[in-house]
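Following: one structure in C-alpha cells, then a few remarks.
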Amino acid sequence: MLTTASMPDDTRSFTTARKEPVVSGLADSAMAEIADCVQQVREPVELLRDRGTGAVFCRFGNSGAASPAGLERVGWLPPTYPEWLGDRGFLETHGVRFPYVTGAMANGIATPRLVAEIGRAGMIGFYGAAGLAYRAIEAGVAELERLLAGSRAVWGANLIHSPHEPELESSVAGLFIERGVPCIEASAFLKLTPSVVRLAYRGIHRQADGQIARRRRVFAKVSRPEVARLFMRPGPVELLRGLVEAGHLTSTEAELGAQLPLATEITVEADSGGHTDNRPLTALLPVMLGLRDEAEGSLGLSRAIRVGAAGGLGTPASVCAAFALGAAYVVTGSVNQSAVESGLSSEGKRMLAQADLADVAMAAAADMFELGVKVQVLRRGTLFAVRANKLYEAYREHASLDELPGGLRAELERSIFGASLEAIWRETEAFWRTREPAELERAASDPKHRMALVFRWYLGKSSRWAIAGEMSRRSDFQIWCGPAMGAFNAWVEGSFLEDPEQRTVVQIALNLLEGAAVLTRAQQLRTFGAPVPAAATHFKPRRLM
C-alpha cells in the first residue's frame, strides 16, 4: 500500500509531461499559460504581478529566481495531489492512498469484485450486503477474502438497520466480527441497536502505550442531526450492559467503549440514490461538522471523528466542493452502479447511462414500507416509482387485502403483480418461512401486515429484476439513483467514459479525484487574482493509472 510519504514520485504518472518554466508576461500567451498551470496540478507555480497594470500571471517553478523587470512575485503554490484533497488523518488511520470511498449498493450491486478493485487502487469499498440473505452475505465476504488474499487493501461491508428482521441483523453483525471485516458501513439506522454497538466495541483494547485501539471502524451513514449525535457519542449504558450480560462484550470492552464515540467516521448523506432525505450537502455538512466539534469537546477528544460527504457527487466540481466544505473523504454511489464491476444488469447500466439530472423520483421503500420511508430511484425508462407509490397509497387507505375495492384489486393484479394476490401471497409465505418466520406469525393475526408483505413482494422483486436483467419486467426495474448520475453523464459526454463498457470503478474514481484537484488549483489561482479562463476548469475524463 502506498503511503503519503511516497506519493509525489508515485503519482507523476497521472499527469502529462512537465512543460518548461515560462514567464507569463505576454498578453497573447498569458491565458494559455494560466490554463497550463491549472491543469498541471503536480507542478509548483509562481504567481507574478505586473507592477504597472496589476495583472497577475503564472509560471511553473519555485526556484526563487529574480522576477523579470516590471513583475513582482506575489505568491507560490505547491504541487496539488488528489491524495491530499481530504483529511490526511483519514489516509493514515486506514492506510489508504486516496480519501475516496465507494458506498455499499444494496442487494450485492456493490459486488466483491468492485470492492476488491477499488481496494487495490488504494481506496475503500463497501460490499453491498443489505437486502441479501445470510448465506449470500457469508459467500460474498468469503469471496472478498479470496480476491484480496495477500493484499493490504482496506475494505468493508454494510450493516443495514433491519427493524423487521432483527435476528438477521444480529447474525450478520456476528458474521462480520467472526470474519474480521475491518470496516462497517452502518446505514438506515434511526436508532442504535445492540448489533451496531457490538460491532463498534467488540475487540476494543488498551495498548501498551495506554491508547485505546479498535478492531474495526464504523462508518455511520446519516442525514439527520439527531441520528448523527447517536453515533458521535459512546454507546448507551443500557445497551452496553445488555451486551455484557448476553456475552457479546466483555466488561472491559464495555468500559473502554463508554469512553469513545461509536463511529470513527460519519458519512453525511445528502441527495443520494436509495434511502435519502434529499438534503443539500452545502446546508447539511456544516451542521454535521459543528456537531462533531461539540461531541469531541464533550468527550475531551480531538480528531476522533472524521466527517465525510456523500450524495450528489458525480462530477469533479461536486467532489471539489465537498472537500472545500471540509469533508475528510467522499463517498460515491449512483455513478458506481453504472460501473462494469457492479452487480446491476447490462440493461440497467444502459438505462443509467441515459439518465439526465431530472430523471429520478421518490418511491416507497421495501425495507421500511409500513413506515412510509421512500427511496430515490431512476424514473426514466421504468414505471417502478409510480407503481410502488400506488401500492403504498392502497396500503395506507385500506385495512386488508380483502377490503381492496374490486376495481383496484384487478388493476394491481394486472398492471403491477402480473398474478393474483393469492398467488403472490403463496410465494411471499414461502419466502418468509425460511427468511423470518416471525413475519408470518404476525401476518396471521394482522391482516394489514399481511397486505404489507404482499406489496413488499413487488418492491423486493423489482430490484432483483433489475439486477438479473429480467427484460419481461423491464418497466418494473427498481434502480436506485440520485441526480449525481445525470450530472456524471453530462460530464463524461464525448469521452471514453460515455461508453458504459468503459466505466470501470477505478477510472471513475481517479477521474473524479483528478478533476477535483484541477478545480482546487483553479480556485487557488483565483484567490491570488489570476484571471483563470473558464475553459481551464473543464477537466475531461482521460485514462489514468
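Out of everything in region 167-192 that is among the β-branched types (Val, Ile, Thr) and touching a residue at least 40 places away in the same chain (Cβ under 8 Å), what residue ends up being farthest from Phe369 (Cα to Cα)? Applying the filter and picking the extreme gives Val181.
Looking across region 126-150, the residues that are under 23 Å from Arg503 (Cβ atoms) and free of Cβ contacts under 8 Å to residues at least 40 places away in the same chain come down to Tyr127, Gly140, Glu143, Leu144, Leu147, Leu148. Give the residues of region 351-401 that are at pLDDT 95 or above and among the acidic types (Asp, Glu), sorted by residue number. Listed by number, the residues that qualify are Asp356, Asp359, Glu393, Glu397. Consider region 505-545 and keep the residues that are farther than 20 Å from Val331 by Cα and among the hydroxyl-bearing types (Ser, Thr, Tyr). The one that is nearest to the chain's Cα centre (by Cα) is Thr537. The residue of region 127-163 that is farthest from the chain's Cα centre (by Cα), among those that are surrounded by fewer than 17 Cβ atoms within 10 Å (Cβ to Cβ) and of a type in the set (A, V, I, L, M), is Ala149. Of everything listed in (1) outside any loop (DSSP other than H, G, I, E, B); (2) over 20 Å from Val222 (Cα atoms), the single unmet condition for Asp209 is (1). For region 279-293, which residues satisfy the criterion of being over 17 Å from the mean Cα position of the chain (by Cα) and touching a residue at least 60 places away in the same chain (Cβ under 8 Å)? Within region 279-293, Val287, Leu291, Arg292 qualify. For Asn62, the criteria (1) under 18 Å from Val532 (Cβ atoms); (2) without any contact (Cβ under 8 Å) to a residue 24 or more places away in the chain; (3) polar (S, T, N, Q) hold in every case but one, which is (1). Restricted to region 430-462, and to residues that are hydroxyl-bearing (Ser, Thr, Tyr) and touching a residue at least 40 places away in the same chain (Cβ under 8 Å), which residue is farthest from Glu413 (Cα to Cα)? The qualifying residue farthest from Glu413 (Cα to Cα) is Ser462. Number of residues in region 368-382 that are of a type in the set (Lys, Arg) and surrounded by fewer than 21 Cβ atoms within 10 Å (Cβ to Cβ): the value is 2. Condition test on Arg387, is it farther than 30 Å from Ala517 by Cβ, in a loop (DSSP other than H, G, I, E, B) and not small (Gly, Ala, Ser)? Criteria not met by Arg387. Every condition in (1) buried (at least 18 other Cβ atoms within 10 Å of the Cβ); (2) among the hydroxyl-bearing types (Ser, Thr, Tyr); (3) over 18 Å from Gly460 (Cβ atoms) holds for Ser420 except the one numbered (1). Cys320 meets all of the listed conditions (1) more than 21 Å from Leu192 (Cα to Cα); (2) in contact with a Lys or Arg (Cβ under 6 Å, 6 or more places away or on another chain) but one, namely (2). Out of everything in region 470-491 that is surrounded by 24 or more Cβ atoms within 10 Å (Cβ to Cβ) and hydrophobic (A, V, I, L, M, F, W, C), what residue ends up being nearest to Gly312 (Cα to Cα)? Among residues in region 470-491 that are surrounded by 24 or more Cβ atoms within 10 Å (Cβ to Cβ) and hydrophobic (A, V, I, L, M, F, W, C), the one nearest to Gly312 (Cα to Cα) is Ala484. Evaluate region 453-473: report whether one residue or more is at positive phi and not acidic (Asp, Glu). Yes, region 453-473 contains a residue that is at positive phi and not acidic (Asp, Glu). In region 67-98, the qualifying residues are those that are in contact with a strand residue (DSSP E or B) (Cβ under 9 Å, 6 or more places away or on another chain), part of a loop (DSSP other than H, G, I, E, B) and surrounded by fewer than 16 Cβ atoms within 10 Å (Cβ to Cβ), and the one that is modelled with the highest pLDDT is Pro78.
Taken over region 180-202, the residue count meeting the criterion of being exposed (fewer than 15 other Cβ atoms within 10 Å of the Cβ) and either among the small types (Gly, Ala, Ser) or under 16 Å from Tyr127 (Cβ atoms) (or both) is 1. Only one of the listed residues (Val172, Val196) is under 20 Å from Ala438 (Cα atoms), touching a Phe, Trp or Tyr at 6+ places or on another chain (Cβ under 7 Å) and either outside any strand (DSSP E or B) or of a type in the set (Val, Ile, Thr) (or both). That residue is Val172. If you check Glu46 against the conditions, is it under 18 Å from Val518 (Cα atoms) and either assigned to a strand (DSSP E or B) or modelled with pLDDT under 85 (or both)? Here the answer is yes, as Glu46 does meet what is asked. Here Glu185 clears all of (1) within 19 Å of Asp367 (Cβ to Cβ); (2) in a helix (DSSP H, G or I); (3) of a type outside the set (A, V, I, L, M, F, W, C) except the condition numbered (2). Checking each residue in region 99-121 for being of a type in the set (Gly, Ala, Ser), part of a loop (DSSP other than H, G, I, E, B) and either over 15 Å from the mean Cα position of the chain (by Cα) or at pLDDT 95 or above (or both) picks out Gly103, Ala104, Gly108, Ala110, Ala121.
Residue pairs whose Cβ atoms lie under 6 Å apart, sitting 6 or more positions apart in sequence or on different chains, and linking a residue in region 506-532 that is over 14 Å from Val38 (Cβ atoms) and touching a residue at least 24 places away in the same chain (Cβ under 8 Å) to a partner that is in a helix (DSSP H, G or I) and not hydroxyl-bearing (Ser, Thr, Tyr), are Val506/Glu117; Ile508/Val335; Leu512/Pro316; Leu512/Val319; Leu513/Pro82.
Within region 496-545, the set of residues being of a type in the set (Lys, Arg), surrounded by fewer than 21 Cβ atoms within 10 Å (Cβ to Cβ) and part of a loop (DSSP other than H, G, I, E, B) comprises Lys540, Arg542, Arg543. Is it the case that some residue within region 427-435 is in contact with a helix residue (DSSP H, G or I) (Cβ under 9 Å, 6 or more places away or on another chain), of a type in the set (Gly, Ala, Ser) and surrounded by fewer than 19 Cβ atoms within 10 Å (Cβ to Cβ)? No, every residue in region 427-435 fails to be in contact with a helix residue (DSSP H, G or I) (Cβ under 9 Å, 6 or more places away or on another chain), of a type in the set (Gly, Ala, Ser) and surrounded by fewer than 19 Cβ atoms within 10 Å (Cβ to Cβ). Quick check on my filter: what residues within region 33-56 are basic (Lys, Arg) and under 32 Å from the mean Cα position of the chain (by Cα)? Arg42, the sole residue that qualifies.
When you go through (1) farther than 14 Å from Leu513 by Cα; (2) in contact with a helix residue (DSSP H, G or I) (Cβ under 6 Å, 6 or more places away or on another chain); (3) of a type in the set (A, V, I, L, M) one by one for Leu299, which number turns out not to apply? Just one mismatch for Leu299, condition (2).
The values are calculated or read from the model by the stated rules, or taken from the named source; none is laboratory data. Fair warning: this is a prediction, and the values are worked out from it, not measured in the lab. Every residue, glycine among them, receives a Cβ derived from its backbone with ideal geometry; neighbour counts consider all protein chains shown.
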